[in-house]
1. In nm, give the distance between the simple-model label positions of Leu10 and Lys52, each being 7 Å from the Cα along the Cα-to-Cβ direction.
2. So if each residue of separation counts as 0.36 nm, and I subtract the Cα-Cα distance between Ile2 and Gln20, what length gain in nm does that give?
3. I need the Debye-formula profile for the stretch 17-82: one equal scatterer per C-alpha, no solvent, reported as log10 I(q)/I(0) at q = 0.18, 0.28 1/Å, two decimals.
4. With charges only on Cβ, +1 for K and R and -1 for D and E, what is the dipole size of the chain about its Cα centre, in debye, rounded to 20?
5. In the neighborhood of Tyr39, defined by Cβ-to-Cβ distances under 14 Å, what is the net charge if each Lys or Arg adds +1 and each Asp or Glu adds -1?
6. For the residue pair Lys27 and Asn122, what label-to-label distance in nm results when each label sits 7 Å from Cα along the Cα-to-beta-carbon direction?
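Just so you know, all these numbers are worked out from the coordinates, no wet-lab data involved. Because the structure is a prediction, the values reported are computed rather than measured. Here the Cβ is made from the backbone with ideal geometry for all residues, glycine too, and neighbour counts use every protein chain on show.
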Amino acid sequence: MIVEFACLLLVIVLAYVIWQRMAAFKKEYPRSSYRLVDYMSNFYGLQSLGMKQIRGNGVLMVTDDAVVFEMYLPKKRLIIPVSDILSVEKTQEHLGKLGWSLLCVRYQVGDQHETTAWRVKNVDAWIMELNQLRFRKA
């Protein structure tokens, strides 16, 4: 009984933290400021950090100028300027994780290349939107 109560309490606390982070993100980025958003995207990590890194859910959105991701726990933000994006594609694997269609973004960081991936709803719509922005800016 105590274990079940502790698990329920943990779920309630996590749901509250996620709700708070979503509310803060929505306040910072009103609907008019983004083109696409997924409030429960699953971050698969940065290629440069390898397989041993924290991955998790968060808000992923595309604005006119950037891809913005904020992980719920731990709180972490990644901003990729559209002008730094080298390619956008669909992949089935990233850092050893298999089985889902993932949005894969390769981009420039200084003189290095970085790759990251997310599981999002409707990967093709994300690819189309990001490519439209990339080629419009070029």
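1. Result: 2.3 nm between the two label points.
2. Details: separation 18, 0.36 × 18 = 6.48 nm, distance 2.68 nm.
Length difference between fully extended and current span is 3.8 nm.
3. The computed values of log10 I(q)/I(0) come out as -0.65, -1.32.
4. Details: 18 positive and 13 negative charges, 39 e Å.
Around 180 debye, computed over the chain.
5. Once positives and negatives cancel, what remains is +3.
6. Those two pseudo-labels are separated by 2.9 nm.
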